[in-house]
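Comments concern the structure below.
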Amino acid sequence: MKKMIILFMVLFLGLQNAPSQTSADAVRIRQNEIGFGARALAMGGNGVALANDYSALYWNPAGLASLKQGELFADFSHLQFGNQAIFAGSLSDVDENFTRLRSLGMAVPLPTTRGSFVLAFGYNFVRDFDEYLYFNGVNPLSNGLEFELEDANGNYQWYPFDKDVKQTEEVTDEGGLHQWSFGTAIAMSPNFDLGISANFWRGKDNYDFMFFQQDDANRYSTFPGDFESYTVRQNLITDFSAFNLKLGGMFKLNRAMRLGIAVEFPTTFTVTENYSSSDELVFDDGYVDAVEDEPGEWQYQVKTPYRLDAGIGVNSGLLKPTRIGAKPAL
């Protein structure tokens, strides 16, 4: 029976560790958050000034006060990745699709003697973590992979398994952040609306890394270094939870122009990571040496700062709706 001790390995392109607690991951939680609502997104994300339907619950809750009748809102998204990679002269062309419910909720104007008073609640998916990478090919260059093995005489020495092998790498990242939101808005005057929303954040990110290396041409056939394949798998599942408040105001400057301002209060995300990894070395005679590392769990918190959104929306009978907006984060 073969005995194997893995002491050193360097994989092509650098077999990275699955992401963990770094400054980049702290920023990544809210980075590239796009929100929802076809109209607001089509206007460049300036819902802070233009949202006057259920989607105002996310962009600027003060916009809810513009609703004159009840509304049931549903939104779907479809994301497609076209992965084309050339590795060692081999083209990998793989598509990956992600379809999900983006939003489902309702807004209800309540009877008032003057002005308006609107309540809204629902589910909103606001941030995608979805990514995909795949390539394979025969690599003629060394990646530095070698193993220390015991031969039939009980002696240990290093045996390379590093070049002229078929290599495949696949990285899948799937998940996102969503909110369960409750909000209300009231017309404080004919020209000013005020709104607030409470958001319960939840999210999950499932990161999978797989590297597979195979001696498909049987170049490594001398005992004990008669390698057939080597596989590394890494998985990181990250769960997010948080709560925050968002306060918004909508100023009606004239019949065609509105100024929207929204302030999101600092948010503390509780992040829980569960990490696992394994590797498997297979020999020509079918012997398998597999190692599964002890899983690890970490929990920490990330606090995001105040976020200030401001925008101006113009809508007239002569012009298509246009927007001017700014979104500084404080």
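Full extension of the chain between Thr99 and Ser221 gives 39.3 nm of extra length, using 0.36 nm per residue less the Cα-Cα distance.
Over the chain, Cα pairs under 8 Å with separation of 6+ residues give a relative contact order of 16 percent. Legend: translational diffusion of the chain by Stokes-Einstein, Rh = Kirkwood radius over C-alpha pairs, 25 °C, 0.890 mPa s; D = 105 µm²/s. The radius of gyration of the Cα set in the range 140-267, together with its Dmax, comes out at 29.6, 92 angstrom.
Legend: calculated FRET efficiency, Asn274 to Glu33, from the Cβ-Cβ distance at R0 = 22 Å, rounded to 0.05, equals 0.40.
Per-residue 3J(HN,Hα) values for the range 113-128, derived from phi via the Karplus relation 6.51 cos²θ - 1.76 cosθ + 1.60 with θ = phi - 60°, read 7, 8, x, 8, 9, 10, 10, 8, 7, x, 10, 9, 9, 10, 8, 8 Hz in sequence order (x marks Gly and Pro). Peptides 46-56, 134-144 ordered by packing proxy, namely the average of other Cβ atoms within 10 Å per residue, highest first: 46-56, 134-144. In order along the range 281-296, the Karplus-derived 3J(HN,Hα) couplings, from 6.51 cos²θ - 1.76 cosθ + 1.60 at θ = phi - 60°, round to 10, 10, 9, 4, 7, x, 5, 10, 10, 10, 10, 10, 5, 5, x, x Hz, and Gly and Pro are given as x. Taking amide H positions as modeled 1.01 Å from N, with prolines and chain starts lacking one, the residues under 5 Å from Met188 and 5 or more places away or on another chain are Asp193, Leu194.
Per-residue 3J(HN,Hα) values for the range 33-47, derived from phi via the Karplus relation 6.51 cos²θ - 1.76 cosθ + 1.60 with θ = phi - 60°, read 5, 10, x, 7, x, 4, 5, 4, 5, 5, 8, x, x, 8, x Hz in sequence order (x marks Gly and Pro).
Computed from the coordinates by the stated procedures, all read-outs in this text should not be read as laboratory data. Predicted model only: the values in this text are computed from it and were never measured. With ideal geometry, Cβ positions are generated from the backbone for all residues, glycine too; neighbour counts draw on all protein chains shown.
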